[in-house]
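Quick notes on the structure that follows.
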Amino acid sequence: MQGGPVSRGLEDVVVANSAITFIDGKGGRLIYRGYDIRDLAQHSTFEETCYLLWYGRLPKPQELEQLRSKLVGRREIPLGLERLLEAIPAKTSPMEMLRTGVSALSSFEPDDLKRPESSIGGALRLTAVLPTIIAAYHRLRQGKRPVAPRADLDHAANFLYMLTGEVANPSYVKALDVALILHADHEFNASTFSARVTASTLSDLYSAVTSAVGTLKGPLHGGANEEVMRMVHDIHSPEEVESYVTQKLARHEKIMGFGHRVYKVEDPRAAILREYAKRLAQESGDPKSFVILRNVEEVVHHEKGLYPNVDLFSGACYESMGIPMDLFTPVFAISRVSGWTAHILEQYSDNRIIRPASTYTGPTDLAYVPLAQR
Ligand code: ACO
């Protein structure tokens, strides 16, 4: 098309109705299927949140138990995929591996899991297996054997167990479970949108999730949590924060973990994770990273009026649990796969191919010059 206004980055463009997640950007509220994220973080579990996102309501006890056992039963990775993970060079970033891992997994799965009408089965499978793929790759790249999942451990606890082979401290498990709840969905964020675009062509769930993983990887989206902790380590001490941040801003560089397209006030997820980061820092007896982050928060707010987003404190929590920095974004994916798949299901249920337009700015009347005459 020619002419017409362009909304860069699709800002404020409404492309669909959705009954999954509501963000009140001015009130600083995040709602999954009607429930405030603060209530879910306090009372729910990641497994229950998955049920809520996929089925649209909270489960009865028996329904939750069934979902739990279905997730547990779908955690194993096929041997062929393990071989493939072994063959991936250890220098490959875990998000790069995960993009390949999800895509390759599809070849080992039964065909009926890939049909749009059986997507709930695919949603369960991908949500169950992502932690195993990530933990297995992490072990293999260190020259260690993968640790098999344990059926008696819940999702968060089992992931931490598969990383080390040891059952994690309950306060780490609780903090990770809450982080998984908080990251599970966020309306039409970039990775969810890319999942929906892929699903809208009636491509399969594995392809849609592969698109989403590739999109989450970028530093302006899921990759920000890792960048935040790189910044914390660059800063060295709380006294250096002010000069570090002001110099970065003077160079017009972004400070990761701040700003949001939708929230004009504090991201409610950041507030909850700040509390967990503080608690874990106190427990560890090493609050330096947390103090640096609090100082960064103060300086960025003073200089730019920006509030933290979900990525500011998540990395500090994961670091306290002993999760390596390059697994922070994969942990985001472990959670967000529940939201991606809920959105893919919603897209399939009322589909029209997503195909926006652009304003053409190039020429239209050039005369073709044969190759020999150029
Ligand atoms: N640091 C410094 N300045 C910022 C930041 C930041 N983190 N975020 C926004 N700004 C400034 C921009 O420079 C711009 O200023 P200008 O108008 O003077 O040029 C203004 O605020 C608007 O910023 P945009 O980048 O246009 O906002 P947009 O809505 O396109 O982007 C985004 C939102 C990507 C989150 C942005 O705030 C950003 O890059 N933040 C840092 C990366 C980050 O933390 N990403 C995680 C997002 S949450 C998530 O994915 C889970």
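Is it the case, given these coordinates, that Val337 is aliphatic (A, V, I, L, M), within 13 Å of the ligand (Cβ to nearest atom) and buried (at least 23 other Cβ atoms within 10 Å of the Cβ)? Judged against the criteria, Val337 is not a match. One residue is enough: does the range 317-326 have a residue meeting the conditions touching a residue at least 12 places away in the same chain (Cβ under 8 Å), on the phi < 0 side of the Ramachandran plot, part of a helix (DSSP H, G or I) and of a type in the set (Val, Ile, Thr)? The answer is no; no qualifying residue exists. Among the residues making up the range 51-89, a single one is over 22 Å from the mean Cα position of the chain (by Cα), more than 21 Å from Tyr161 (Cα to Cα) and touching a residue at least 40 places away in the same chain (Cβ under 8 Å): Ile88. Listed residues Val245, Val213; which is among the aliphatic types (A, V, I, L, M) and assigned by TED's automatic domain parsing to the domain that holds Thr341? Going through Val245, Val213 in turn, just one is among the aliphatic types (A, V, I, L, M) and assigned by TED's automatic domain parsing to the domain that holds Thr341: Val213. When the range 165-188 is filtered for residues that are surrounded by fewer than 23 Cβ atoms within 10 Å (Cβ to Cβ) and either without any contact (Cβ under 8 Å) to a residue 40 or more places away in the chain or away from the ligand (no atom under 16 Å from the Cβ) (or both), the ones remaining, listed by number, are Gly165, Glu166, Val167, Ala168, Asn169, Pro170, Ser171, Tyr172, Val173, Lys174, Asp177.
Rundown of residues vs (1) touching an Asp or Glu at 6+ places or on another chain (Cβ under 7 Å); (2) closer than 20 Å to Leu126 by Cβ; (3) away from the ligand (no atom under 16 Å from the Cβ); (4) not β-branched (Val, Ile, Thr), yes/no style:
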site	(1), (2), (3), (4)
Leu10	no, no, no, yes
Thr21	yes, yes, no, no
Ile31	no, no, yes, no
Lys60	no, no, yes, yes
Glu65	no, no, yes, yes
Ser69	no, yes, yes, yes
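Would you be able to tell me the number of residues in the range 90-106 that are part of a helix (DSSP H, G or I) and in contact (Cβ under 8 Å) with a residue 24 or more places away in the chain?
Narrowing the range 90-106 to residues part of a helix (DSSP H, G or I): 94-106.
Narrowing further to those that are in contact (Cβ under 8 Å) with a residue 24 or more places away in the chain: 94-99, 101-103, 105-106.
Adding up the residues that qualify gives 11.
For the range 16-50, what are the residues that are in contact (Cβ under 8 Å) with a residue 12 or more places away in the chain, touching a Phe, Trp or Tyr at 6+ places or on another chain (Cβ under 8 Å) and of a type in the set (Val, Ile, Thr)? Residues satisfying the conditions are Ile20, Thr21, Ile23, Thr49.
In the range 249-273, what residues are in a helix (DSSP H, G or I), touching a Lys or Arg at 6+ places or on another chain (Cβ under 9 Å) and more than 8 Å from the ligand (Cβ to nearest atom)? The answer is Pro268, Ala271, Ile272. Residues in the range 216-230 that are within 11 Å of the ligand (Cβ to nearest atom), assigned to a helix (DSSP H, G or I) and surrounded by fewer than 22 Cβ atoms within 10 Å (Cβ to Cβ): Glu227 only.
Beta carbons closer than 6 Å, at least 6 apart along the sequence or on distinct chains, pair a first residue in the range 220-236 that is among the hydrophobic types (A, V, I, L, M, F, W, C) with a second that is within 7 Å of the ligand (Cβ to nearest atom) and modelled with pLDDT of 90 or more for Ala224/Met256; Ala224/Gly257; Ala224/Asp311; Val228/Met256; Val228/Gly257; Val228/Asp311. Considering only residues that are assigned to a helix (DSSP H, G or I) and more than 23 Å from Ala175 (Cα to Cα), which ones fall in the range 274-312? Within the range 274-312, Glu298, Val299, Val300, His301, His302, Glu303, Lys304 meet the criteria.
Would a scan of the range 275-288 turn up a residue that is within 16 Å of the ligand (Cβ to nearest atom) and either under 22 Å from Gly223 (Cβ atoms) or among the small types (Gly, Ala, Ser) (or both)? Among the residues of the range 275-288, at least one is within 16 Å of the ligand (Cβ to nearest atom) and either under 22 Å from Gly223 (Cβ atoms) or among the small types (Gly, Ala, Ser) (or both), which makes the answer yes.
Residue count for the range 297-316 under the criterion of being among the β-branched types (Val, Ile, Thr) and either more than 15 Å from Ala224 (Cα to Cα) or without any contact (Cβ under 8 Å) to a residue 24 or more places away in the chain (or both): the result is 2.
Output yes when any residue across the range 348-363 is assigned to a helix (DSSP H, G or I) and over 27 Å from Ala136 (Cα atoms), and no when none is. Looking through the range 348-363, at least one residue is assigned to a helix (DSSP H, G or I) and over 27 Å from Ala136 (Cα atoms).
The values are calculated or read from the model by the stated rules, or taken from the named source; none is laboratory data. This one's a predicted model, so the numbers in the text were calculated from it and none came from an experiment. Backbone-built Cβ (ideal geometry, glycine too); neighbour counts: all protein chains shown.
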